[in-house]
């Protein structure tokens, strides 16, 4: 297992970092919050400009084959990039666009791919709240939205033969006619991590969406208020294994973003405790503060290699179809091991971000409870992302099942959008 980046990926990281350092300011992040919070006019447009600059460098198309004007990198190469996006706090659906959607659009030959690669199109992915509502993080700003749709009657999970010809068209038609807010909640989201869902992609203006206030306003959450028109949108993939692979890629990407957020919160905190004085000395000289910061630092440094390892294993493991065709046990074991590595990474990254946020608030004292303080921009993003693409409970259950510690892990999709201090719901 070698985490060293190839020259092209290393050059991309080296080009992305200065852009984020210079352009992704806290003022820019705050400007992406709804206008009611006092955000500056044009904040969202400024964020889009920064994303376009990053796309020009190659970030948006990093996982797109070079034959489709992408860079042809692997998820292992993209992990350090997404960590830097998390560290900067840039309020865009980077994981959804780069890790989830881009490879699918490339495989489908979707006409929106050039816009995605050029940074003109952002993609959001619908998810489910504990109450069953279908919501779309960044849905108020995204150009394209991906919805999981229930598998057609008789469809099976991973390892099944792919549909072809007229049968594929019939399956796609059945999926489209089955899309409803109720069926999405009960069936489709459970199929993403387990391999029975199909994916449809819509223009944002083809869906009826209502803004939803959330813990992190820059995520611009929207709720699906009506079933999509059966004739709207297009099949992005009718292959459940491709949909599942996209979900696991996004879990790796989200883990990387969480590590970046944890590191940023720790940096803010260490800088603060060095300059904040009490009893004539910096508060950072107190043993309790030192130990708290050290614990958060260790958690972050343990999570980072776990995320790198998960990216490497996913990049070097066969997909489900290849493993199913391969008679060797090693191929199937490699695929399952990659999923286990991703679950480990997501648990460690989520816990490191949760701990970093808690330590940051404790060590700052009263100022940390002020909404206008910059620390909130990163803590609230972390709280919103901890449950995304599988919360720690879900991923621990997956690991327990893999180790034979439980008879079965949850069959339903992980519960998204439940921050540790309250659910991300309308207010």
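Bear in mind these aren't lab numbers, they're just calculated from the coordinates by the rules spelled out. Bear in mind the structure is a predicted one, so any value in this text is a computation, not a measurement. Glycine also receives a Cβ, built like all others from the backbone with ideal geometry; neighbour counts cover every protein chain displayed.
Some points to look at:
- Potential lengthening between residue 366 and residue 234 on full extension [0.36 nm per residue; Cα-Cα distance subtracted]: 42.5 nm
- Which of 247, 312 has the fewest Cβ neighbours within 10 Å, and the rest in rising order: 312, 247
- Virtual paramagnetic centre 7 Å along Cα→Cβ of residue 337, amide N under 13 Å, in the range 232-255: none
- Relative intensity, log₁₀ I(q)/I(0), of the range 193-312 from a Debye sum that treats every alpha carbon as a point, q = 0.09, 0.20 Å⁻¹: -0.49, -1.15
- Neighbour counts of C-beta atoms inside 10 Å place 16, 117, 252, 393 in the sequence 393, 16, 117, 252, starting with the fewest.
- Ordering of 61-67, 277-283, 226-232, 93-99 by burial proxy (mean other Cβ atoms within 10 Å per residue, highest first): 93-99, 61-67, 226-232, 277-283
- By the Stokes-Einstein formula, at 1.567 mPa s and 4 °C, the range 280-319 with its Kirkwood radius over alpha-carbon pairs has D equal to 104 µm²/s.
- Were the residues from residue 6 through residue 210 laid out at 0.36 nm apart, the gain over their Cα-Cα distance would be 69.1 nm.
- Extension gain from residue 400 to residue 267, taking 0.36 nm per residue of separation minus the Cα-Cα distance: 44.5 nm
- Where only alpha carbons of the range 229-298 are counted, the Rg and the Dmax (Å): 22.2, 69
- Residues 380, 49 in ascending order of nearby Cβ atoms (within 10 Å, fewest first): 49, 380.
- The calculated pair-distance distribution of the range 240-403 uses every alpha carbon pair, bins of 10 angstrom beginning at 0, and gives 11, 34, 27, 16, 9, 3, 1 percent.
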